[in-house]
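No lab work stands behind these numbers, since they all come straight from the coordinates. Just so you know, these numbers come straight off a predicted model, no measurement behind them. Cβ placement follows ideal geometry from the backbone for every residue including glycine, while neighbour counts extend to all protein chains displayed.
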Amino acid sequence: MLRDLNSVNNKKELTLVFIYSGEYAERVIRNLINDLSFCKSCDVYCDSCKYNVYSHVRNILAAIQLTDPSKLPAFIDNPEKYMPKKIPKADLCIASGLHKDLLLEIPNQIQKLGIKGLIVPIEDFTEVPSGLRKQLEERCQELDLETAFPKPFCSLEPAEDKPVISRFVDELEVGRPSLEISTVRRGKSEIIDSTVVRRSAPCGSTWYVAKKLIGVDTKREILYDAIARAHHSYPCTATMSIDPELKEPILHIGGYMIREEVEKALDQG
């Protein structure tokens, strides 16, 4: 599996601050910095497909872990008391797994520092229900902050009206997956010969799926089964509960997207 090295340019590096609780944000952070001990999905068959290919460690100025919501009061009247004492100035904040009242306080805190945008990934709709998301959107609009609430995180795409968030997707090459795939004929079958990850899901699952596709027949039922098994096995940690807005489990939405991107890559190849 191949991938181009990140190009070096003269543009100032995009800077990030993570404010989080729980394991999901840690998965994203470890994927972004390309932690050598992070991806163990292939176990003894690991061929280090993604290591030494990229590292965004310099983009992350801080990863600030807050108290687990289950250990906090159900309602917090003074959320600033529980917020970090110091947050470095960055371009973008990513908030995940936080107590709802602390999440509502985030826009006030980051706007004072000159942070320009907020991404709140939604892997479980109970953490960020639609009403809370609407409140956050309205508050961020008042403060002139860019916002994105990708559900799941691997649905995030660039948008013309969100230049800072678009830089996150384009420069760190994470968000909705993008692949290049080449095939070969073997007898009557068309087999996937090589894959290139152009953009990965923020958790890094695209690398694993891409590797598992090599040698797979492109017949739809065989291909779909291989994609689904790899996506689940990585594993995807989005909720399996049915989302009230999507009418599907968020995990399934992530699976459909990687399947669509594989098909797109095959059509373009």
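Okay, here's what the table says:
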item: Distance between modelled label sites at Asp35 and Glu171, nm, 7 Å Cα→Cβ extension; result: 2.4 nm
item: Isolated Cys in the chain, by beta carbon distance under 4.7 Å; result: Cys39, Cys49, Cys93, Cys140, Cys154, Cys203, Cys236
item: Residue exposure sequence - Phe168, Phe18 - by fewest surrounding Cβ within 10 Å; result: Phe18, Phe168
item: Which of Leu102, Ser241, Tyr45, positive extreme of dipole for the chain (C-beta unit charges); result: Tyr45
item: Local net charge near Asp267, Cβ-Cβ under 12 Å (Lys/Arg +1, Asp/Glu -1); result: -3
item: Dipole moment magnitude, nearest 20 debye, the chain about Cα centre, only Lys, Arg, Asp, Glu C-beta charged; result: 600 debye
item: Cut-off 13 Å between beta-carbons: net charge of the residues surrounding Asp243, Lys and Arg +1, Asp and Glu -1; result: -2
item: Separation in nanometres of the label points that stand 7 Å from Cα toward Cβ, at Lys112 and Ala159; result: 2.7 nm
item: Hydrodynamic radius of segment 16-172 per Kirkwood, over alpha carbon pairs, in Å; result: 16.4 Å
item: Ranked Met240, Met83, criterion: other C-beta atoms within 10 Å, fewest first; result: Met240, Met83
item: Among (i) 139; (ii) 214; (iii) 156, the entry that matches volume of the Cα convex hull per residue in Å³ as calculated here; result: (i)
item: Cβ-defined net charge surrounding Arg139, 14 Å radius [Lys, Arg +1; Asp, Glu -1]; result: -3
item: Projected label distance in nm at Ile222 and Arg198, using a 7 Å step from Cα toward the beta-carbon; result: 2.6 nm
item: Å³ per residue enclosed by the Cα convex hull of segment 178-268; result: 92 Å³
item: Residue exposure sequence - Asp193, Asp91 - by fewest surrounding Cβ within 10 Å; result: Asp193, Asp91
item: Theoretical ellipticity at 222 nm over the chain - DSSP helices of four or more residues, -39500 (n - 2.57) apiece, nearest 500; result: -10500 deg cm²/dmol
